[in-house]
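*Asks:* Starting off with a structure, shown below.
The values are calculated or read from the model by the stated rules, or taken from the named source; none is laboratory data. Just so you know, these numbers come straight off a predicted model, no measurement behind them. Counting neighbours? That spans all protein chains shown, and the Cβs are built from the backbone with ideal geometry, glycine included. SASA here: full protein model, heavy atoms, side chains in, ligands and nucleic acids out. Shrake-Rupley method; radii C 1.70, N 1.55, O 1.52, S 1.80 Å.
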Amino acid sequence: MMTRTSRRAVLATALSTPSLALAQGRFPDRPLRVYVPWTPGGATDIQMRMICEIASRHLGQAVVVENKPGASGTLGPQAIAREARPDGYTLSQMPLGTFRMPALMRASGMTPPFDPLTDFTWIIRLVGYMGGVVVRPDAPWRNMQELIEYARGRPGEVFYGTPGANTTDIVPRRVARQAGLDWTPVAFRGAAPNLQALLANQIQFSAETSAWADMALEGRVRPLAVWTSSRAPRFPEVPTFRELGYDYVAESSYGIAAPRGTPPEIVMIIHDAFKLAVNDPQHLAVLARFDMPVRYLDPEAYADDAQLMHAQEIETVRDLGLRLGG
């Protein structure tokens, strides 16, 4: 494994080469593809489409988003780990499932299709999520505690939606264990079908990222609690789970990675374009729409963060006794 010192040396060398590489036309000379492993229309899809559009201006080539929903957000990472060439032209958004799914598979006696520590080149961490629990506006529960009390008296009868198995349901699982109740997660292939099921009254609540923000402002859903470290600026009346006595924060920061072995000079060209895009006013406007915080890290720091997330997810799976299908 590359040490912190060696990574720093490689990056220091690479930092001096991007402009030369661009000047010589080596990279990129054709469009890039970025897998977004969620359905269109959710917060991640909208954010990634905007940042890719802005990054394309700095790269001089189109950055095309391709949705690959399913498998708790791991089909994009799996595709670049198993199929893509390490040439910088095929990338993926890297959700928390990149770390959780391998841990779940191993705990379930299965062999993961990729190793998050060895199969990727980490390019840039971008943003985190604001998310929480939302209900229909006509739901009888006016706050999170009322929902918890309702569920406590009806074990297994309260169903909630998530954008994939073992994704945003980790906070509700922890709340359920702490509160002594049993509610049932229902996995959807992204935020849009999750929220559609809520509106159709097929589930009692959604545990979802901030794809519901506009709907909440329109009065189509009612947020009960958020799992960020502080209250969301546009929803100052909605408490955090910490405030309610459940000390859980789940911002699930994510970024972009390439296949293992992608040359460092190409990594830095992509990094520099997306770093400019992160702080572009158009992108920041999208983040404000979903109350998503900037969580930028450079390639070296992102690689270190990947190791930390890998260890944390192994512990989460062990601590909650999670298994695939469970």
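*Asks:* Among the residues of segment 216-244, how many are over 16 Å from ARG142 (Cα atoms) and in contact (Cβ under 8 Å) with a residue 60 or more places away in the chain?
*Replies:* The total comes to 3.
*Asks:* Which condition from (1) at pLDDT 90 or above; (2) buried (at least 21 other Cβ atoms within 10 Å of the Cβ) is the one that PRO263 breaks?
*Replies:* Every listed condition holds for PRO263 apart from (2).
*Asks:* I would also like to ask the following. Say whether the condition of being in contact (Cβ under 8 Å) with a residue 60 or more places away in the chain, under 24 Å from MET292 (Cα atoms) and not in a helix (DSSP H, G or I) is met by at least one residue in segment 67-83.
*Replies:* From segment 67-83, those in contact (Cβ under 8 Å) with a residue 60 or more places away in the chain are 69-73, 77, 80-81; that's our starting set.
From what is left, the residues that are under 24 Å from MET292 (Cα atoms) are 69-73, 77.
Among the residues that remain, those that are also not in a helix (DSSP H, G or I) are: 69-70.
The answer is yes; a qualifying residue exists.
*Asks:* Continuing with the same structure: Quick one: what pairs do we get from segment 288-315, first residue on the phi > 0 side of the Ramachandran plot, second in a loop (DSSP other than H, G, I, E, B), C-beta under 7 Å, 6+ apart or different chains?
*Replies:* Note: pairs meeting the criteria are ASP291/MET130; ASP291/ALA232; ASP291/PRO233; ASP291/ARG234.
*Asks:* Under 9 Å between Cβ atoms, at least 6 apart or on separate chains: pull out the pairs that start in segment 96-116 with a residue that is closer than 13 Å to GLN78 by Cα and end on any residue that is basic (Lys, Arg).
*Replies:* Final answer for the pair search is PRO112/ARG106; PRO113/ARG82; PHE114/ARG82.
*Asks:* May I ask you to list the residues in segment 5-53 that are part of a helix (DSSP H, G or I), touching a helix residue (DSSP H, G or I) at 6+ places or on another chain (Cβ under 7 Å) and modelled with pLDDT of 50 or more?
*Replies:* Matches in segment 5-53: ALA43, ILE46, GLN47, MET50, ILE51.
*Asks:* Hey, another quick one. Name the residue, out of TYR160, TYR150, that is part of a strand (DSSP E or B) and out of contact with any Gly (no Cβ under 9 Å at 6 or more places or on another chain). Before you say what the answer is, go through the steps one by one.
*Replies:* Numbers: TYR150 fails: part of a strand (DSSP E or B).
Step by step, each of TYR160, TYR150 is checked, and only TYR160 is part of a strand (DSSP E or B) and out of contact with any Gly (no Cβ under 9 Å at 6 or more places or on another chain).
*Asks:* Next question, about the same structure. Just checking: which of the helices (runs of 4 or more DSSP H) contained wholly in segment 168-252 hold 3 or more residues that are farther than 18 Å from GLN145 by Cα and in contact with a strand residue (DSSP E or B) (Cβ under 8 Å, 6 or more places away or on another chain)? Let's see the steps before the verdict.
*Replies:* Numbers: elements: 170-179, 191-199, 213-217.
Hits in segment 168-252: 191-199.
*Asks:* Then there's this: Kindly provide the set of residues from segment 45-62 that are closer than 16 Å to ALA257 by Cα and touching a His at 6+ places or on another chain (Cβ under 7 Å), ordered by number.
*Replies:* ILE51
*Asks:* If a residue must be open to solvent by 60 Å² or more (accessible area, probe 1.4 Å), touching a helix residue (DSSP H, G or I) at 6+ places or on another chain (Cβ under 8 Å) and of a type in the set (Lys, Arg), how many such residues does segment 174-190 contain?
*Replies:* Summing the residues that are open to solvent by 60 Å² or more (accessible area, probe 1.4 Å), touching a helix residue (DSSP H, G or I) at 6+ places or on another chain (Cβ under 8 Å) and of a type in the set (Lys, Arg) in segment 174-190 gives 1.
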